[in-house]
1. Using the Cβ atoms and a cut-off under 12 Å, what net charge is assigned to the surroundings of residue 37, where Lys and Arg are +1 and Asp and Glu are -1?
2. Taking the convex hull of the Cα atoms, report for the chain its projected area averaged over all directions, in nm².
3. Taking amide H positions as placed in the peptide plane 1.01 Å from N, state which residues far from residue 122 in sequence (5 or more) or on other chains have amide H under 5 Å from it.
4. Report, to the nearest 10°, how far helix 3-20 tilts away from the longest principal axis of the Cα atoms in the chain, using its own Cα long axis and a range of 0 to 90°.
5. When the helices in the chain are scored as -39500 (n - 2.57) per DSSP H run of 4 or longer and the sum is shared across all residues, what 222 nm value do you end up with, to the nearest 500 deg cm²/dmol?
6. Suppose a student asked you for the relative contact order of the chain, using Cα pairs under 8 Å spaced at least 6 residues apart; what percent would you report?
7. Run through the DSSP bridge list for region 27-102 and note the antiparallel percent, rounded to the nearest 5.
8. Could you size up the charge dipole of the chain around its Cα centre, putting +1 on the beta carbon of Lys and Arg and -1 on that of Asp and Glu, and report it in debye to the nearest 20?
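The values are calculated or read from the model by the stated rules, or taken from the named source; none is laboratory data. All of these numbers come straight from a predicted model, not from anything done at the bench. Positions of Cβ are generated from backbone atoms using ideal geometry, with glycine treated the same way; all protein chains shown enter the neighbour counts. Accessible surface is based on the protein model in full, side chains and every heavy atom, while ligands, DNA and RNA are left aside. Shrake-Rupley method; radii C 1.70, N 1.55, O 1.52, S 1.80 Å.
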Amino acid sequence: MNKNEIIKTVWGMAEPLAEELGLILWDVQFLKEGASWSLRIVIDREGGVDMDACEAMSRAIDPKLDEADPIDESYTLEVWSAGLDRPLTRDFHFEQSIGLPVTIGLFTPLDGDREPVMTLKAYHGKTITAVDEAGAEHKFTLSELRFVRRKDEISFDFKD
């Protein structure tokens, strides 16, 4: 199987397991890092992901992977949280992030800024519309961007 087929196969196995665990499957990556391969399953859920959720997903998917054996190479299974600055790479990532702040990685700076934070206004095909702090709209095709990442804010409530 090639890399895309592996990702598609693992996605099909992981998504129902994630749903059973109350999680959202955010991404599946099959990466070569140095001489080693890693199968990375990235999860999310309302309120965030903790180590217990990562462990539960790992325990759920591991026997399914062993049984189906979709990967010829030796690899390490990793289960990660999508994190606060999660990259937006799939259609549903952009659709779920409309109205939220995103960091846009530009090849050519905009007003001297290579990574402006804007509010994602729309996503159509492979084009996004984002609004800057001054209210100006900017349209970008994804191919002209280095990345788009969610810029989630965290707030802490410290109680005495």
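1. Working: positive: 3, 32, 40; negative: 33, 72, 73, 78.
Its environment carries a net charge of -1.
2. Working: hull surface 50.4 nm².
Averaged projected hull area, Cα only: 12.6 nm².
3. 129
4. On a 0 to 90 degree scale, this one is about 90.
5. On the way: 3 runs with 42 residues, N = 160.
The per-residue figure over the chain is -8500 deg cm²/dmol.
6. Working: 253 pairs, mean separation 28.5, N = 160.
Value for the chain: 18 percent.
7. On the way: 7 of 14 bridges.
Of those bridges, close to 50 percent are antiparallel.
8. On the way: 18 positive and 32 negative charges, 121 e Å.
With only Lys, Arg, Asp and Glu charged at Cβ, the dipole is about 580 debye.
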